[in-house]
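Encoded as structure tokens, the structure appears first; notes follow it.
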Amino acid sequence: MMAAYIYCPIELFPRQETEIARLVLAINQAATIEDKLRWAQYLIDAADELLACQSYSDGSPDCRLCHNFSGLRHKTADLVVKASRLSR
């Protein structure tokens, strides 16, 4: 299966994508809720950086995909944060 490619003229997406993949792995491997929470907060920050891109163009399918993926990742990390509050 071929991975999807999102063209980013300012190269923000590929840089953040690498960091986001690292953070998702850290969340999945974290042994404690506190560790998952910490990594989830970093993931929210990484997704927010993509969502705040000043070069976003609504007419670009790549930009829309980037925003959609970033929004989903933000929501996922937010669920981890909310779940951690339930277990306290």
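The values are calculated or read from the model by the stated rules, or taken from the named source; none is laboratory data. Here the structure is a predicted model, which is why all the values come from computation and not from measurement. Using ideal geometry, Cβ is built from the backbone for each residue, glycine included, and neighbour counts are taken over all protein chains shown.
For the stretch 25-38, give me each residue that is within 16 Å of ASP78 (Cβ to Cβ) and in contact (Cβ under 8 Å) with a residue 24 or more places away in the chain. Those that are within 16 Å of ASP78 (Cβ to Cβ) and in contact (Cβ under 8 Å) with a residue 24 or more places away in the chain: ILE27, ILE33, LYS36, LEU37. Among what's in the stretch 24-77 and is part of a helix (DSSP H, G or I) and of a type in the set (S, T, N, Q), pick the residue that is surrounded by the most Cβ atoms within 10 Å (Cβ to Cβ). That would be SER70.
Scan (1) surrounded by fewer than 14 Cβ atoms within 10 Å (Cβ to Cβ); (2) without any contact (Cβ under 8 Å) to a residue 24 or more places away in the chain; (3) over 10 Å from the mean Cα position of the chain (by Cα) for the single condition ALA21 breaks and write down its number. Going through (1) surrounded by fewer than 14 Cβ atoms within 10 Å (Cβ to Cβ); (2) without any contact (Cβ under 8 Å) to a residue 24 or more places away in the chain; (3) over 10 Å from the mean Cα position of the chain (by Cα) one by one, ALA21 breaks only (3).
Remark: ILE33 matches the filter, which requires a residue to be modelled with pLDDT under 95, within 18 Å of ARG85 (Cβ to Cβ) and among the hydrophobic types (A, V, I, L, M, F, W, C).
Residues in the stretch 40-68 that are in contact (Cβ under 8 Å) with a residue 40 or more places away in the chain and under 12 Å from the mean Cα position of the chain (by Cα): ALA40, GLN41, CYS66.
Considering the conditions (1) surrounded by 13 or more Cβ atoms within 10 Å (Cβ to Cβ); (2) under 15 Å from VAL81 (Cβ atoms), PHE13 is excluded by exactly one of them, (2).
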